[in-house]
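The values are calculated or read from the model by the stated rules, or taken from the named source; none is laboratory data. Just so we're clear, the structure is a prediction, and the values are computed from it rather than from any experiment. For neighbour counting, all protein chains shown are included, and Cβ atoms are generated from backbone atoms with ideal geometry for every residue, glycine included.
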Amino acid sequence: MTPDAAAVDVTGPVGSDGRRPVFSRIVLKLSGEALVGSEAYGIDMETLRRIAQQIQRVVARGVQLAIVVGGGNIVRGTDISRHGIERVTGDYMGMLATVINALSLRDAIERLGIQCRVQSAIAMQQVAEPFIPLRTIRHLEKGRVVILAGGHGSPFFTTDTTAALRAAEIGADVLLKATQVDGIYTADPIRDPTATRFAHLSYLEVLTKGLAVMDNTALTLCMDNNMPIIVFDLHAEGNLERVVLGEAVGTRVDAEVTQ
Ligand code: UDP
């Protein structure tokens, strides 16, 4: 299937409950922070297991799933450069951190009997396949989950930008951005109890309101490629499946201007 063909067929098969996914191919952006659980650093095995179970539910519905994983739970280039490591080196360290996360996630997914491949933008043939878009698509068509690691291989970028780029490259229908809160709010809901959640925003509204959804490079890439984004809370049980079934979960960002 070419990326264009994927964009035309946007629904999956009907499940045993009579419900049909509204997306056939998705890119899920998981930040490193999503893997730490209640810890401040590293990878929490129980959290990994729960994420893998959510993934299992959408794969069982025939949805093609590629995951872009971050590395912020281990190293971020900007953070480490403040401690004296040269920025470009720090960014490569961050990209390598994403590979560690990808391998842990693959392990958790494969434990559930789902085939999973890791592809990396940085060559490391003993641990990951190279990222080759047509090969990614082939894995997805065979029902395998593909984890895209190593960012996009260049310093000064984020894995949000990688996710936006990869979603466009492999012809995904949507970019799902998993966060710690259930969507985009008027203000930080943890600090401001009066903050309210947006159900929908346009790309331009996100940019002009200065809402912290993803960095502007990532957002602009989505806007240029008309790639819808859904921001949602992955830690709420069953939420990934709800998004895939078209339920009003989180905040959707697309080209449509909110009335
Ligand atoms: N990074 C990079 N280029 C990329 C992707 C990531 O240099 O294309 C580096 C950057 O230092 C970043 C780190 O890898 O801080 C980890 O990625 P990110 O901060 O996006 O992880 P997340 O916040 O999603 O866990």
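Observations on the structure shown:
- Members of segment 96-110 that are under 14 Å from residue 52 (Cα atoms) and touching a residue at least 60 places away in the same chain (Cβ under 8 Å): 101, 104, 105, 108
- Residue among 160, 173 that alone is under 22 Å from residue 243 (Cβ atoms), more than 11 Å from the ligand (Cβ to nearest atom) and charged (D, E, K, R): 173
- When residues of segment 21-44 are limited to those that are touching a residue at least 24 places away in the same chain (Cβ under 8 Å) and more than 16 Å from the ligand (Cβ to nearest atom), the one surrounded by the fewest Cβ atoms within 10 Å (Cβ to Cβ): 22
- Residues that are among the acidic types (Asp, Glu) and away from the ligand (no atom under 11 Å from the Cβ) within segment 88-111 comprise 107, 110, listed in sequence order.
- In segment 78-87 there is at least one residue that is out of contact with any helix residue (DSSP H, G or I) (no Cβ under 6 Å at 6 or more places or on another chain), among the acidic types (Asp, Glu), without any contact (Cβ under 8 Å) to a residue 24 or more places away in the chain and within 8 Å of the ligand (Cβ to nearest atom).
For every residue, the table says whether it meets (1) in a strand (DSSP E or B); (2) of a type in the set (Asp, Glu); (3) over 30 Å from residue 25 (Cβ atoms).
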{"residue": "78", "(1), (2), (3)": "no, no, yes"}
{"residue": "94", "(1), (2), (3)": "no, no, no"}
{"residue": "99", "(1), (2), (3)": "no, no, no"}
{"residue": "108", "(1), (2), (3)": "no, no, no"}
{"residue": "112", "(1), (2), (3)": "no, no, no"}
{"residue": "119", "(1), (2), (3)": "yes, no, no"}
{"residue": "124", "(1), (2), (3)": "no, no, no"}
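- Exactly one residue among 189, 228 is at pLDDT below 95 and out of contact with any helix residue (DSSP H, G or I) (no Cβ under 6 Å at 6 or more places or on another chain), and that residue is 189.
- Scanning segment 21-45 for residues that are modelled with pLDDT under 95 and more than 26 Å from residue 150 (Cβ to Cβ) yields one hit, 38.
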